[in-house]
Amino acid sequence: MTNLSNPIAVIDSGVGGLTVAQELLRQLPREEICYFGDTARCPYGQRSIEEVRTFSFQMIDYLMESNPKMLVIACNTATAVILEECREKLDIPVIGVIHPGVRTAIKATVTGRVGVIGTQNTVQSGLYEEALKQIHPALYVKSLACPTLVPLAEKGGGEETEAIQIVKKALAPLAGEDIDTLILGCTHYPLLSNVIQRVIGDQVQMISSADETAREVSTILFHKNLLSQQFGRPMHRFYTSGNVSVFQQIAERWLNKHINVKQVILDS
């Protein structure tokens, strides 16, 4: 039987899922978070489907030892590859980050012209366009793979001038598409949100799935009577397959708190 104080497991290809973890910490302060970022093998966006599946389940298997009450796949690429399989295999609730962002974008768009940026695997999967048009068939959707943005986010954004040039080049194909809403279809991208907004323009509303994903977690936990009742400070746990100091530096800046990070070497 699941204990209400059991953690919420969060997996990501690197530091991008911290945008989801941040919202979980803000919206659900009583919940314990158990986060694994596979920074040693990031990015996932151009890896084979089988690699993404194998790497994701290695993280999940490790975190399942903590007996979590829910799994959040805080990586769009992994969501596209393993979400349904996870739901079939695991006896805990599993949510991804695609559908929460889709619902927010549909509420936000006025003109019905929506852009989606993501990794190569996420864009090629077509899941965003499929999910958007399933709800709103008349939408115009322009999807764009931006493989240079995840490495930029993984190193903390880099120098501002360099970051602007990289983002400008990546988003150039969206020029003239006249979108009014842009889905950040990778949880790394909110780490670059200020630069992306400068490049894309203030007239475009950016949608990060992090907020909506955290709300969905809260709703599911409430309806399944799984919300934590503990009053003490939760003992959050963070794991990375890569460099601990780099992960910790980015995580503490993003989460605005000190965290302890443990390195876990996964099989290649």
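Every number in this text was worked out from the coordinates using simple rules, so none of it is lab data. Only a predicted model underlies this, so the values are computations on that prediction, with no experimental measurement involved. Every residue, glycine among them, receives a Cβ derived from its backbone with ideal geometry; neighbour counts consider all protein chains shown.
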Region 15-31 - phi-based ³J(HN,Hα) in whole Hz, Karplus 6.51/-1.76/1.60, Gly and Pro as x
8, x, x, 4, 5, 6, 4, 4, 5, 4, 5, 6, 7, 10, x, 8, 7
At the level of C-alpha centres, the distance separating region 206-268 and region 132-174, in angstrom, is 24
Too long for a 28 Å Cα-Cα cut-off, among Lys142/Lys169; Lys155/Lys224; Lys107/Lys224; Lys155/Lys257; Lys69/Lys257, are Lys155/Lys224
Return the long-range amide H neighbours of Glu32 (sequence gap of 5 or more, or a different chain), with a cut-off of under 5 Å between placed amide H atoms.
Ile8
Over the Cα atoms of region 149-268, Rg to Rh with Kirkwood Rh, two decimal places?
1.04
A correct Karplus calculation of ³J(HN,Hα) over region 128-144, with 6.51 cos²θ - 1.76 cosθ + 1.60, θ = phi - 60°, whole Hz and x for Gly and Pro, returns 5, 4, 4, 5, 4, 7, 5, 8, 9, x, 7, 5, 9, 10, 10, 9, 9
Counting only residues 5 or more apart in sequence or on a different chain, those whose built amide H sits under 5 Å from that of Gln205 are Thr181, Leu182
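Rounded to the nearest 20 debye, what is the charge dipole size of the chain about its Cα centre when +1 sits on each Lys and Arg Cβ and -1 on each Asp and Glu Cβ? Please list the in-between numbers first.
On the way: 24 positive and 28 negative charges, 91 e Å.
Dipole size: approximately 440 debye.
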How much of the calculated P(r) for the chain lies past 22 Å, in percent of all Cα pairs?
53
Eligible aspartates and glutamates near Lys262 by straight Cα distance, threshold 13 Å, same-chain separation 8 or greater
Asp38
To test your reading of the geometry: what angle, between 0 and 90 degrees and rounded to tens, separates the Cα axis of helix 209-223 from the longest principal axis of the chain?
40
Per-residue HN-Hα couplings for region 180-187, Karplus 6.51 cos²θ - 1.76 cosθ + 1.60 at θ = phi - 60°, whole Hz, x for Gly and Pro?
10, 9, 10, 7, 7, x, 7, 5
